[in-house]
């Protein structure tokens, strides 16, 4: 308590003299003095005092850090939010009738007007152009990981996440009625669905051609219209009914605990009531402890970090962005100050949104 009170006094002095919060030279002097007194406990004392310096810096940053653009973005988003999350709206999703994205969209917007487009990028473009108010996209699967194409688009397209939804995914092997497993010569599906059914596909011993396609519903549509025999698709049971296909094998996903998270994006920042998740893309310096310093700012407020994932920056030479997801609300002044501190200290800072997961 005494230390943090003194930190507050120091912060006031720094603010009065327009000094930066972090003084690397002074911190190195303190750590060097600690090292000289620690002997064989040097490793542990370094970690202890580095943590104290991080906490002190995080506290001072909330007190005297200069305002950054994220504050204006968040305050505007909070002020112009029309009310609770809507039940209707014009939406875009990738694929055709029967896609899992459609199921997620209908769960988020029970009375929504849905438009299908050909690609993930087309979803972003439909939102950016104003053709649709909302876009629905898969972002990660509990068994097969992140949808990297969507993460890359989130980095480049300047949109806001306003909602997310978890959907239980149950895959079936579908073919025309009367088709047996031994009759199948090729299977079509989205790469994520194929990845979620690896164990089943291995049982086919390589005798069946596996053909990735843009969407599970497109795969079912293709299998239904194929003139040659032996064409199957991996998709949902509802999708099979829609296209007149029969299940050859059911529940072929590797795990029954198979969930895909879908996000809803909009063109302009909006933060609906109940928002309790924040997503960010951060670039940090390529030096020791740079990522640790970011995480220390989050940990200082006791915020639960739900996800951190590195992703290569397309076109760069082994440089990475970090995707963060945390349990927090921008309505909390301390959280907003923490975001300002991250924006000031990170080489790259993208606020993806503050939203609720259904």
- Query: Looking at (1) in a helix (DSSP H, G or I); (2) in contact with a strand residue (DSSP E or B) (Cβ under 7 Å, 6 or more places away or on another chain), which is the one condition that is false for residue 260?
  - Reply: (1)
- Query: Mind checking whether some residue in segment 241-255 is part of a helix (DSSP H, G or I), farther than 30 Å from residue 132 by Cα and not assigned by TED's automatic domain parsing to the domain that holds residue 134?
  - Reply: no
- Query: What number of residues within segment 219-237 are surrounded by fewer than 16 Cβ atoms within 10 Å (Cβ to Cβ) and either out of contact with any strand residue (DSSP E or B) (no Cβ under 7 Å at 6 or more places or on another chain) or farther than 19 Å from residue 102 by Cβ (or both)?
  - Reply: 4
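From 204, 194, 181, which residue is surrounded by 15 or more Cβ atoms within 10 Å (Cβ to Cβ), farther than 21 Å from residue 136 by Cβ and touching a strand residue (DSSP E or B) at 6+ places or on another chain (Cβ under 9 Å)?
Numbers: 204 fails: surrounded by 15 or more Cβ atoms within 10 Å (Cβ to Cβ); 181 fails: surrounded by 15 or more Cβ atoms within 10 Å (Cβ to Cβ).
Criteria check complete, one pass: 194.
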- Note on the structure: Selection from segment 92-123 of residues outside any helix (DSSP H, G or I), surrounded by 20 or more Cβ atoms within 10 Å (Cβ to Cβ) and under 20 Å from the mean Cα position of the chain (by Cα) yields 92, 93, 94
- Message: Which numbered condition in (1) in contact with a strand residue (DSSP E or B) (Cβ under 7 Å, 6 or more places away or on another chain); (2) without any contact (Cβ under 8 Å) to a residue 24 or more places away in the chain is the only one that residue 79 fails?
- Response: (1)
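So which residues in segment 317-350 are within 20 Å of residue 148 (Cβ to Cβ), at pLDDT 90 or above and touching a helix residue (DSSP H, G or I) at 6+ places or on another chain (Cβ under 8 Å)? Let's see the steps before the verdict.
Filtering segment 317-350 down to residues within 20 Å of residue 148 (Cβ to Cβ) leaves 317-325, 348, 350.
After this cut, where a residue has to be at pLDDT 90 or above as well, the list is 322-325, 348, 350.
Selection gives 322, 323, 324, 350.
The values are calculated or read from the model by the stated rules, or taken from the named source; none is laboratory data. Quick caveat: nothing in here was measured; it's all calculated off a predicted structure. Ideal geometry is used to build each Cβ from the backbone, glycine not excepted, and the neighbour counts take in all protein chains shown.
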